[in-house]
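K.L.:
A single structure is presented below for examination.
The values are calculated or read from the model by the stated rules, or taken from the named source; none is laboratory data. Remember, predicted model here, so these are calculated numbers, not experimental data. No Cβ is skipped: glycine too gets one built from the backbone with ideal geometry, and neighbour counts run over all protein chains shown.
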């Protein structure tokens, strides 16, 4: 590893904390890591705001040369981030599942074959954020503190509506050292049975997440987008997923 390698700040979703800690460990050019709360993809404007604050914090740190985003497009929450000094680098990915599978091509091929797939990963299971008995129990307890019993039942029925679009629970992790355990795959299998879905245990591929932190020549244009200062991330309508475009007033 070159002593002159640019120093990287990583901004990551908390759902990937174990994986980020493992694959960034021992890399002297990774200067700092900032975590943001998970589930922010459900609130894209809030995600964008918190990412913007984190980018500004990293840019204000003189030891940082480049900012790596351990995110995908994530409900377009990464679009339009402003940065004046440090380039941003991000994997060409719609969401974090691509980071588990190792490439956008592998993700697209799986969904082409299995379009009704809901993905489970170690972080989402720990947060009880994926469909299943534990999530239902947590939501019922939460609603019971705020609403009458009839309203609770109505809200629980509404929760079931969006799961009707899925028919498969796929579990993917990146190995025991990155926070994966056999119990998580079994948990996913139980959730699938409870929901009446098929189950699949998909082998993870850590290459994309690992190379995001290694930097330099690992950031090939097919897998990664390097965004120059005063440019923003934009969704594309092709297989590139995202592109860099000058921000308004910065051409």
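Residues checked against (1) free of Cβ contacts under 8 Å to residues at least 24 places away in the same chain; (2) surrounded by 17 or more Cβ atoms within 10 Å (Cβ to Cβ); (3) over 27 Å from residue 234 (Cβ atoms):
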| position | (1), (2), (3) |
| --- | --- |
| 66 | no, yes, no |
| 81 | no, yes, no |
| 88 | no, yes, no |
| 93 | no, yes, no |
| 97 | no, yes, no |
| 115 | yes, no, no |
| 132 | no, yes, yes |
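K.L.:
In region 192-244, which residues are outside any strand (DSSP E or B), assigned by TED's automatic domain parsing to the domain that holds residue 164, surrounded by fewer than 19 Cβ atoms within 10 Å (Cβ to Cβ) and without any contact (Cβ under 8 Å) to a residue 40 or more places away in the chain?
P.N.:
193, 196
K.L.:
Find the residue count for region 64-92, including only residues that are under 9 Å from the mean Cα position of the chain (by Cα) and either within 19 Å of residue 213 (Cα to Cα) or not in a loop (DSSP other than H, G, I, E, B) (or both).
P.N.:
4
K.L.:
In region 10-33, which residues are over 14 Å from the mean Cα position of the chain (by Cα) and either touching a residue at least 60 places away in the same chain (Cβ under 8 Å) or more than 16 Å from residue 99 (Cα to Cα) (or both)?
P.N.:
22, 23, 24, 25, 26, 27, 28, 29, 30, 31, 32, 33
K.L.:
With (1) part of a helix (DSSP H, G or I); (2) surrounded by fewer than 19 Cβ atoms within 10 Å (Cβ to Cβ); (3) touching a residue at least 24 places away in the same chain (Cβ under 8 Å) as the list, and residue 61 as the residue in question, which single condition is left unmet?
P.N.:
Here residue 61 meets the rest and fails (1).
K.L.:
Can you tell me which condition residue 93 does not meet? The list is (1) over 16 Å from residue 10 (Cα atoms); (2) in contact with a strand residue (DSSP E or B) (Cβ under 9 Å, 6 or more places away or on another chain); (3) modelled with pLDDT under 95, and all the others hold.
P.N.:
(3)
K.L.:
A further question on this structure: Among the residues of region 40-58, how many are surrounded by fewer than 19 Cβ atoms within 10 Å (Cβ to Cβ) and in contact with a helix residue (DSSP H, G or I) (Cβ under 8 Å, 6 or more places away or on another chain)?
P.N.:
Residues in region 40-58 being surrounded by fewer than 19 Cβ atoms within 10 Å (Cβ to Cβ) and in contact with a helix residue (DSSP H, G or I) (Cβ under 8 Å, 6 or more places away or on another chain): 2 in total.
K.L.:
Take region 176-191 and flag every residue that is exposed (fewer than 15 other Cβ atoms within 10 Å of the Cβ) and touching a residue at least 60 places away in the same chain (Cβ under 8 Å).
P.N.:
Of everything in region 176-191, just one residue is exposed (fewer than 15 other Cβ atoms within 10 Å of the Cβ) and touching a residue at least 60 places away in the same chain (Cβ under 8 Å), namely 177.
K.L.:
Next up: Only residues that are crowded, with 18+ Cβ neighbours inside 10 Å, in contact (Cβ under 8 Å) with a residue 24 or more places away in the chain and not in a loop (DSSP other than H, G, I, E, B): list them for region 99-113, please.
P.N.:
99, 100, 101, 104, 110 - these are the residues of region 99-113 that are crowded, with 18+ Cβ neighbours inside 10 Å, in contact (Cβ under 8 Å) with a residue 24 or more places away in the chain and not in a loop (DSSP other than H, G, I, E, B).
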